[in-house]
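Some notes on the structure that comes next.
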Amino acid sequence: MLAFVISSAFGQSPIPAGAKLEKIVTGLLQPEGPIWKDGVGLLFSDIQGNTIYQWSPTDSLKKAYLYPSDSSNGLTLDLQGRLILTQMEKHRVSRQESNGTITPLVSTYNGKRFNSPNDVVVRGDGSIFFTDPDFNIPAGQKAELSFKGIYRISPSGALTLLDSSFDKPNGICFSPDEKKLYVNESPLGNIYVWDVVNDSIISNKKLFYSIPVSGYADGMKTDPQGNVYCTGPTGVWIISPAGVYLDKIVVPAPDNSPSNCNWGDADRKTLYITAGKSLYRIRLAASTGIHDHGSLERGTFKLYSNYPNPFNPTTNLRFTVPEVHQPSAEIGEFRFVSLKIYDRIGREVQTLVNQVRPAGDYSVQWNAAGFSSGAYFYRLKAGSFIETKKMVLMR
């Protein structure tokens, strides 16, 4: 099924002319939380179906990925590529390990179980932010907390309540530079924004945008330009970083109550949308979406595109050191790795890594506060492996 996008007259839409919305899966009960995982395809929750499904464009088949999912809702990836999921049936946020087992991360605050953890996002430092409204509390159970919160789980596992003023906090996402946190209040259709201070504190709460029709606001994502894509009445509302309406991807009836969206495909130029009883996609050839943390492949050295890019003044550089099972002076469990920054004429300006690193996936932040605007290059070197990528510091 195809549907055209309605363009806005109020700003520059990121949706290319002629883009079409395509229904690719139907017959679901309550789809939510799409996330793209390289080498796997799209994962998404079916809350009432108690299942996480897997879908790949190579065969267009829906397959069960995790059952039971304990009524999973929001999905994301951590820095190691492991699935992070909210499980409403068990009032918790959990992690799926590489062997498929589920590890609960948090399930209570001050000794009282969460209401119904809903949506979740991972920041570049490895911390996990999530919302905890009170809808979808299992039948026959009562809320133990007297408020609905926004929380942060630190990389060490410490839990912090960030905000308890919302009636029903729902969708959550960061700006591309991760200096802004967006959370919407579902029944009112309001999107709020905070400044992120020292990676862990949110302050200066402001109303960012209010959907101008009665309804709701649900899952949200941002693109590299900082535009916010918020699912709401009749479609996906696209709002500029300045809080100006740009466009709406209209989802046709009877699925015109979208619940969430996320970028997918290898180039992240496709937006996948869960709505009603179906899953949709739309190709955004003119706008590349954000790669989720942890979308890493194992087996060889890899250097990934920095995020965000352009940036000011910090950006995250990610690389993979592979597992090798024949130890020797040069090839073995450990590798000597260097990651260096060069200016546009090839002068080395900073060394970020220059040491032996065990097999694994790494994220290193570069703070370019003392550098001038312009193009820079980062190079990963390990034995005979050398790869260089470009990034842009824009003040």
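Please work out which residue is modelled with the lowest pLDDT, limiting yourself to the stretch 358-376 and to residues that are surrounded by fewer than 16 Cβ atoms within 10 Å (Cβ to Cβ) and part of a strand (DSSP E or B). Write out each step before concluding.
First, the residues of the stretch 358-376 that are surrounded by fewer than 16 Cβ atoms within 10 Å (Cβ to Cβ): 358-360, 364-365, 367, 369-370, 372-375.
Keeping just the survivors that are part of a strand (DSSP E or B) gives 358, 360, 364-365, 367, 374-375.
Numbers: Pro358: 79, Gly360: 73, Val364: 91, Gln365: 92, Asn367: 95, Gly374: 93, Ala375: 93.
That would be Gly360.
Please determine, by comparing only the residues of the stretch 209-237 that are among the hydrophobic types (A, V, I, L, M, F, W, C) and assigned to a strand (DSSP E or B), which one is farthest from Ala19 (Cα to Cα). Step through it out loud before you land on a result.
Within the stretch 209-237, the subset among the hydrophobic types (A, V, I, L, M, F, W, C) is 211, 213, 217, 220, 228, 230, 236-237.
With the extra rule that they be assigned to a strand (DSSP E or B), the set shrinks to 220, 228, 230, 236-237.
On the way: Met220: 20, Val228: 18, Cys230: 18, Val236: 14, Trp237: 15 Å.
Selected residue: Met220.
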Inset, instruction - Out of the residues in the stretch 105-130 that are surrounded by fewer than 22 Cβ atoms within 10 Å (Cβ to Cβ) and more than 27 Å from Arg318 (Cβ to Cβ), state the one that is nearest to the chain's Cα centre (by Cα). - result: Ser107
Inset, instruction - Tell me which of these Ile102 doesn't satisfy, since it passes every other one: (1) under 30 Å from Phe208 (Cα atoms); (2) surrounded by fewer than 21 Cβ atoms within 10 Å (Cβ to Cβ). - result: (1)
Inset, instruction - Tell me, please, whether a residue that is exposed (fewer than 15 other Cβ atoms within 10 Å of the Cβ) and either acidic (Asp, Glu) or in contact (Cβ under 8 Å) with a residue 40 or more places away in the chain (or both) can be found in the stretch 138-149. - result: yes
Legend entry - Selection within the stretch 17-31 - at pLDDT 95 or above and of a type in the set (Lys, Arg): Lys23
Legend entry - Those residues of the stretch 333-355 which are exposed (fewer than 11 other Cβ atoms within 10 Å of the Cβ) and of a type in the set (A, V, I, L, M, F, W, C), in sequence order: Ile345
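Restricted to the stretch 284-309, and to residues that are at pLDDT 80 or above and over 18 Å from the mean Cα position of the chain (by Cα), which residue is farthest from Asn256 (Cα to Cα)?
Within the stretch 284-309, the subset at pLDDT 80 or above is 284, 301-309.
Checking which are over 18 Å from the mean Cα position of the chain (by Cα) leaves us with 301-303.
Numbers: Phe301: 44, Lys302: 41, Leu303: 40 Å.
Only one residue tops the list, namely Phe301.
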Inset, instruction - Looking at (1) among the acidic types (Asp, Glu); (2) at pLDDT 95 or above; (3) surrounded by fewer than 24 Cβ atoms within 10 Å (Cβ to Cβ), find the lone condition where Glu178 falls short. - result: (2)
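The values are calculated or read from the model by the stated rules, or taken from the named source; none is laboratory data. Nothing here was measured: the structure is a model prediction, and the numbers come from that model. Don't worry about glycine lacking a Cβ; one is built from the backbone with ideal geometry, like all the others, and counts go over all protein chains shown.
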